[in-house]
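Structure, as structure tokens:
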Amino acid sequence: MEILPIRDPPLSGAVLNAYERVLASLHRPNFEAAIVGGFRAVLAWERLYVFHGDRIEDSTLRVSSYEADLAAMVPVYRRRYLPCDPLCSAADTLDHRTRAFILRLEPADIAEEGYRRAFLEDRGIVERVTVLQRSAGGWRGVNIVRHRREGPCSARDLAALTSLGQLILPMVDVHYGPPTPLALRENLSDVERRFGETCPSLTGRERQVCARAALGMSVEATALDLGVARTSVMTYRKRAYERLKVTSPYGLAALVLH
């Protein structure tokens, strides 16, 4: 088992294209399909799971893709094996300041024989990789499972999974969270353009940050998307708030999304 810190991997064109498609599907019926297609576009995998919740043991599975004959076994995993999954114990050992990490597991890392054999070894699985983020409501994460035909993740695969995961996971909370008055379906480039037209006093970078805030992106996701530090995003937001006389992303959205 290997736990790795996340250090803002570079964003490839494939990752950005996948992210744009998922963003365009936010609060639309094709959101889950867009996530599956997005991760499929940047790396190979056998199974995909996206989940969030207060505790990993009680998390809600929001997006999934796996072999058809595995469907009957998924409830068994959640009832019998999830509480002893190494992912739960790994998250429990982290310092509260750790906001995100990667967990790589081989079948040999799974102590529970029934789970290891039925879900991994007997099906030719060689690795499971999890990107996990701490959120205001607990945890959110994405698992990908690799078959022997794909082999373990390369450094390039890990970078693609990590960067796309960090961008998409905050949207899972937004998509499945309580309804808001924000028109979150708007296209990002259109929202940037509206900020340019409606708020000409903003700098180009401030427009980019404001557009992402209005669409529900977290500070961390914005920093990764724009390739800047988290502190820089907070500075741009603060300057824009003062200039536009608003106090929250909802105030920003009210300027351009209605």
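What follows is calculated from the coordinates using simple rules that are stated; it is not laboratory data. The structure displayed is predicted, hence computed values, not measured ones. When we count neighbours, we look across all protein chains shown, and the Cβ atoms used for this are built from the backbone with ideal geometry, even at glycine.
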Problem - Charge dipole of the range 62-150 about the Cα centre (unit charges at C-beta), most positive-ward option of A90, V63, S135 - result: S135
Fill in the blank from the handout: In degrees, nearest 10, the alpha-carbon axis of helix 13-24 is tilted away from the dominant principal axis of the alpha carbons of the chain by 70
Fill in the blank from the handout: Whole-Hz Karplus couplings 3J(HN,Hα) for the range 36-52, θ = phi - 60° and coefficients 6.51, -1.76, 1.60, Gly and Pro as x, run 4, x, x, 5, 5, 6, 9, 6, 8, 7, 9, 9, 9, 9, 10, 9, 7
Exercise for the section: Match the structure shown to one of the listed values (1) 28, 22, 19; (2) 26, 22, 18; (3) 35, 17, 17 of semi-axes √(5λ) of the Cα gyration tensor in Å, computed from it, and give that label. Expected result: (3)
Exercise for the section: Work out the charge dipole of the range 188-256 with +1 on the Cβ of Lys and Arg and -1 on the Cβ of Asp and Glu about the Cα centre, then indicate which of A240, A214, S189 is farthest towards its positive end. Expected result: A240
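Could you size up the charge dipole of the chain around its Cα centre, putting +1 on the beta carbon of Lys and Arg and -1 on that of Asp and Glu, and report it in debye to the nearest 20? Don't skip to the answer; put the middle values down first.
Values: 35 positive and 31 negative charges, 162 e Å.
Here the size comes out at about 780 debye.
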Problem - Rounded to whole Hz, the Karplus (6.51, -1.76, 1.60) HN-Hα couplings of the range 148-161, x for glycine and proline - result: 4, 5, 8, x, x, 5, 7, 4, 5, 4, 4, 5, 5, 4
Handout entry: Spin-label model distance (nm) - L4 vs R239, 7 Å beyond Cα toward Cβ
Key = 3.4
Practice task
Step through the residues of the range 200-214 one at a time and calculate ³J(HN,Hα) from phi using the Karplus curve (6.51 cos²θ - 1.76 cosθ + 1.60, θ = phi - 60°), rounding each to whole Hz and writing x for Gly and Pro.
Solution key: x, 6, 6, 6, x, 5, 5, 4, 4, 5, 5, 4, 5, 5, 5
